[in-house]
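J.: Structure in structure tokens, see below.
No lab work stands behind these numbers, since they all come straight from the coordinates. Quick caveat, the model's predicted, so the values are computed rather than measured. Please note: Cβ atoms are built from the backbone with ideal geometry, for glycine as well, and neighbour counts cover all protein chains shown.
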Amino acid sequence: MSWTQVSYVYDGSFAGFLTCVFDSYASREEPMSFSTPEDGRLTLWPERHIGTDQARARRVYQSLDKKLGAEGKRLVVQGFLTCLEEKELHLWRFLRLGYQLGPGFTRGLADERVAAVWKAVQHLTGEAHLLKGFTRFSELDGVLVGEIEPKNRVLPLLRPHFCARYPGENFVLHDRTHQEVLLHRPGNWAIVPAEDFRPGAPGEAERQYRRLWRRFYDTIAIEGRYNPRCRMTQMPKRYWGTMTEFQREEAERKELTP
């Protein structure tokens, strides 16, 4: 019996995606595309709107360890956080292969279904690793506030690092790209949507600390070893916009302007 080709419309959540996986097997449907209602995408296949069902999503999630193994499960969970184009379609094909072959399938990097997800997850984890060092926090009214502009949804990977590093602090880490924030106070944390998040203007003490940090950064530079190409290799330029040492007085004045 052949599978019916369809286009799935879901809410964009991980539980919603797992519900789509459950329904595809229950109805013997092969999704050719995934989209959310906000996409407004037109397809050539019949559309099916899949409502998120936590019980069905849980059944699929619990099957990942047994069917795909620990590494396969990790790649699915983290793969959903990546900026891989058509990630849901790649993950569905990855899952289907894993259900057919079992846990060892993740070693088959010659298979494009495995390689695509593996490469995307490597990009995600690499970006999260860089941001552990490139993230800058400012003290605003007793709360540490940081902002990042990642390509991937890295907050779930950064959360253990920063919660362990600042266990006694109230802090907010804002992902400008995906409009969500990591909120932390001692003993509690949450990652929540934040469409209109705007950090307050820095006080005089914070501006002084920023000036001191920039002065330190400039002072320790060795003029004879100035190599902008090497610096951009070790510290990619796309991260500079949220790093204190690259923000000059003009940027601070803009922050203070209503």
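J.: Could you pull out every one of the strands (runs of 3 or more DSSP E) wholly within segment 146-258 that has 3 or more residues that are surrounded by 14 or more Cβ atoms within 10 Å (Cβ to Cβ)? Step through it out loud before you land on a result.
T.: Details: elements: 171-175, 180-185, 188-193.
Because the criterion is at least 3 residues that are surrounded by 14 or more Cβ atoms within 10 Å (Cβ to Cβ), the strands (runs of 3 or more DSSP E) in segment 146-258 that meet it are 171-175, 180-185.
J.: Can you tell me which of (1) surrounded by 16 or more Cβ atoms within 10 Å (Cβ to Cβ); (2) more than 14 Å from Tyr61 (Cα to Cα); (3) in contact with a helix residue (DSSP H, G or I) (Cβ under 9 Å, 6 or more places away or on another chain) is the one Trp92 doesn't meet?
T.: (2)
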